[in-house]
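Here, each number is a calculation from the coordinates, and none is a lab measurement. Keep in mind it's a predicted model, so treat the numbers as computed, not measured. With ideal geometry, Cβ positions are generated from the backbone for all residues, glycine too; neighbour counts draw on all protein chains shown.
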Amino acid sequence: MQQGPISRDEVLRIVTDRLAEILEINASEISEDQSFGEDLRADSLALIELVEVLEEEFGERSVGFRIEDEDLEDLRTVRDAVDYVHGRL
């Protein structure tokens, strides 16, 4: 169990790694500026999978960590997701 706050860089690494696994692409192909839909071609199913994986991953480090359904529509880019997760930890 990791102690202390998680850096934004660490959040970015985890988000891009998990997203790469889900989309079956190389993590190096993902940048913060990319949008999930247009640039990465992630459908709603892929995004739901990402949310579940991130909740599981960060829930182990921050008790009660959740990504609220109503916040999902605001998460359009990789940067949005990283900022959102980092802000809630």
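Longest stretch of the chain clear of exposed loop sites (GluC sites (Glu not before Pro), DSSP loop, at most 13 other Cβ atoms within 10 Å, sites excluded): 1-23. Translational diffusion coefficient of the chain (Stokes-Einstein, Kirkwood radius from Cα pairs, 37 °C, 0.692 mPa s): 252 µm²/s.
Residue separation of Ala20 and Asp74 scaled by 0.36 nm, minus their Cα-Cα distance, works out to 17.4 nm of gained length.
Electrostatic tally near Glu57: other residues with Cβ closer than 14 Å to its Cβ, Lys and Arg +1, Asp and Glu -1, net -3.
Here the label points at Ser35 and Asp83, each 7 Å from Cα along the C-beta direction, are separated by 1.6 nm in the simple model.
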